[in-house]
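Working notes, beginning with the structure itself.
What follows draws every value from the coordinates through simple rules; no lab data is involved. Note that the structure is predicted; figures quoted are calculated from it, not measured. All Cβ positions, even for glycine, are placed from backbone atoms using ideal geometry, and neighbour counts span all protein chains on display.
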Protein chains: 2
Amino acid sequence: MKLQPTLRLPTHSLPQGPFWLKEKKTFSISGFKTLEGKALPDFELGYETYGNLNEKKDNVILVCHYFSGSSNAAGKYAASDMEPGYWDALIGPGKSVDTEKYFVVAVDILCNVCPALPMVKTVGPSSLNPSTGSAFGMDFPQITIADMVRAQKLVLDSLGVEKLHAVLGPSLGSMQAWQWAADYPEMVERIVPVIGSGFETSNFVAAAVELWARMLKLDPMWSEGRYTSATFPMAGMVSSLEMLTWNCLSPQWTEVYGFKALHQLASQRAQFIDPNHFLYIVHAVQTFSVREKLKDIRAKALVIAAESDFLMLPEFSKQAVQECEAQGIAAEYFEIKGQGGHLDGLFAIEQVGARIANFLGAQN
Amino acid sequence: MKLQPTLRLPTHSLPQGPFWLKEKKTFSISGFKTLEGKALPDFELGYETYGNLNEKKDNVILVCHYFSGSSNAAGKYAASDMEPGYWDALIGPGKSVDTEKYFVVAVDILCNVCPALPMVKTVGPSSLNPSTGSAFGMDFPQITIADMVRAQKLVLDSLGVEKLHAVLGPSLGSMQAWQWAADYPEMVERIVPVIGSGFETSNFVAAAVELWARMLKLDPMWSEGRYTSATFPMAGMVSSLEMLTWNCLSPQWTEVYGFKALHQLASQRAQFIDPNHFLYIVHAVQTFSVREKLKDIRAKALVIAAESDFLMLPEFSKQAVQECEAQGIAAEYFEIKGQGGHLDGLFAIEQVGARIANFLGAQN
């Protein structure tokens, strides 16, 4: 395969500041039951807001995060931070999602895979089970994309938000965007699912994430989820992330940088990820579908895929748009060009900024 | 992704007989040293021949097998056999590789991954180490594609063959075809590498097979290769083959049949595969390259890829053909159409039969 020396490592290489500074906010949730009726312990959910809520409260854009992301969508916490939030190229004052115009809200998902990061506030298998005094582990109730969305709704309720001008999100975030449109059709006016697999997880993607989970579970240190920090299943976690990274970058990328680079990226990330949380998110991905609710959707959809995505194939997004149109949903397809694979939905998002800005600005 | 109800399970569904009956032959090799200078124990190598060697001994076609294949390339051993050899649609009397015209030879590779199958005769980690009386395990010398080819050469020498009209092979077999052309340029007139990754293993493919190996090694039952039949690392082997199968079928296939079908296929195959042999073949794939020997090649090449191949991407074959042309090698590219993924190089081979027949029949 032809070498592309311009390919870059998948790290944020965004224009240097000035970035505005932001703070992590938290919202306390108690009495939350999953849709399956299982009670979660009381917990704090992290979120961030950028811009200001207007008087009519009709300028709200919700941004949902990807598999290993967080509500750290834009801006920095301190000027000295190495990197801003993952979609900083898209979101900010004067940017395509203009925070001088829109009030942007980003919320951590339930079972966020990096519960120990200071910028993440979530609940999941690593949380203390009040009835035992130790971590839930695999006894934590299974959660779905719909549960994530219901938790986000509580945060928006607390802010007095009743309408969403748009819900945006890459990858796992795209699933949340579809779920929002399906579960709260009166509330959601637009969705921008980016690098997703359409309105339900394809069997192809479900198989890929199953293999990620298998890597982890094969490590005897995983011990059915009863590891400690001293018995962390590092080998399984690293292998799992090697495959995830191999899936999320393009063949061209792997061609140029090779397996050692995949291993290095995986090793760097493994230390921040909780294996059980990872498995819970795999389950949420595998069970995602709003196919049966398509008829409820009122939102317009701008569906964006990445040309070289080797996991969430552009074909999945194109197919979803076709099926939406057949259901009377106003859906458009747009493609990010590049050779960065799935991650182009994060690192090349500026390429579709104008397209997103037009979609957000268009009158109904 | 659009459902394709015509997709079939990856099993031989070839036209019913009559198939000619054949026998497995064996050739005894002693004193074999790998190119790295490591001695192998004496062993028997399995091979099959179809058709008759002509007087000038210039009608020989060598067929090299794929990762989990064997010298069982065509025909049946008994009329009651469920299936003929993997390329029976291509090879036989009156077929594209016409055994009324050509003398076809197929040889088992060193470290064939199915050493316990009655149709396979090979040597590898499962062989007895004469100096210990138990299996070599991971103490067996590492072998390369070049070593496989050198062993095949001994079989051909014993038959008095000094010219190869052509060397054909799918996938791992394509690597052997390139190696033959590079190492014995005076002997090889034509090569037909099918569903390969060009004249060297791409980093993308090397990463994929590394992940297959990682799956196996994560299983504690693997025990650095010191398992027994009673402690066989089945979980790791099945997961490894799940990923292999996911790689070797197309996204469309997985879309239609889902993960359960991948699991079923993997489980069926796991019992026949020796995990250590599997790891040795992974190593052979990862170290394959004849880039430095391209200038030696005299053979003409017909390089065939499968349109929906998601492992050995058509791009790899196209790139190889371009680079060969730049080196003055007469190389052509041809593509199998279909949605069966990498395995279309086995199960849809009849589609390119006429193209291969023309290539074989053309005058130099």
*Of the residues A:Pro141, A:Pro130, A:Pro185, which exhibits the maximal mean-square fluctuation in a Gaussian network model of chain A defined by a 10 Å Cα contact cut-off?*
A:Pro130
*Taking the simple approach of a point 7 Å from Cα along Cα-to-Cβ for both B:Thr287 and B:Lys56, what is their distance in nm?*
3.9 nm
_Charge dipole magnitude, Cβ of K and R +1, D and E -1 - region B:153-269, Cα centre, debye nearest 20_ = 360 debye
*How big is the gap, in Å, between the Cα center of region B:196-272 and the Cα center of region B:95-168?*
22 Å
_FRET efficiency estimate (nearest 0.05) - Cβ-Cβ, A:Asp139 to A:Asp296, R0 30 angstrom_ = 0.35
*Expressed as a whole percent, how much of the Cα-Cα distance distribution for chain A exceeds 38 Å?*
11 percent
*For region B:16-113, run through the trypsin sites (Lys or Arg not before Pro) and keep only the ones in DSSP coil with at most 14 other Cβ atoms within 10 Å of their Cβ.*
B:Lys38, B:Lys56, B:Lys57
*Hey, which lysines would be in cross-link range of B:Lys318, C-alpha to C-alpha under 26 Å, not counting anything within fewer than 8 residues on its own chain?*
A:Lys2, A:Lys260, A:Lys337, B:Lys293, B:Lys295, B:Lys300, B:Lys337
*region A:153-207: GluC sites (Glu not before Pro) falling in loop per DSSP and having at most 15 other Cβ within 10 Å*: A:Glu162, A:Glu186
*Local charge sum around A:Gly341 (other residues, Cβ-Cβ under 10 Å, Lys/Arg +1, Asp/Glu -1)?*
-3
*Between the DSSP loop rule and a limit of at most 14 other Cβ atoms within 10 Å, which trypsin sites (Lys or Arg not before Pro) in region B:206-258 are left?*
B:Arg226
*asked:* Rounded to the nearest 5, what % of DSSP beta bridges with both residues in chain A are antiparallel?
replied: 30 percent
*Please give every one of the aspartates and glutamates within straight-line cross-link reach of B:Lys33, meaning a C-alpha to C-alpha distance under 19 Å, and leave out same-chain neighbours fewer than 8 residues apart.*
B:Asp42, B:Glu44, B:Asp108, B:Asp139, B:Asp147, B:Asp157, B:Asp183
*In a GNM of chain B with a 10 Å cut-off on Cα contacts, which of B:Gln351, B:Gln322, B:Gln339 has the highest mean-square fluctuation?*
B:Gln322
*Calculated P(r) of the protein assembly as shown - Cα pairs past 40 Å, %*: 38 percent
*What value, in deg cm²/dmol to 500, does the helix sum -39500 (n - 2.57) over DSSP H runs of n ≥ 4 give at 222 nm once divided by the residues of chain A?*
-10000 deg cm²/dmol
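What is the local net charge at B:Gly31, summed over the other residues whose Cβ is closer than 13 Å to its Cβ (Lys, Arg +1; Asp, Glu -1)? Don't skip to the answer; put the middle values down first.
Numbers: positive: B:Lys33, B:Lys38, B:Arg150; negative: B:Asp42.
Summing Lys and Arg as +1 and Asp and Glu as -1 gives +2.
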_Label-to-label distance, nm, for residues given as A:Glu325 and B:Thr228 (7 Å Cα→Cβ offset)_ = 6.5 nm
*Would you mind calculating the gained length between B:Ala79 and B:Leu21 on full extension (0.36 nm times residue separation, minus the Cα-Cα distance), in nm to one decimal?*
20.2 nm
*Net charge near A:Ile329, counting Lys/Arg +1 and Asp/Glu -1 over other residues with Cβ under 12 Å of its Cβ?*
+1
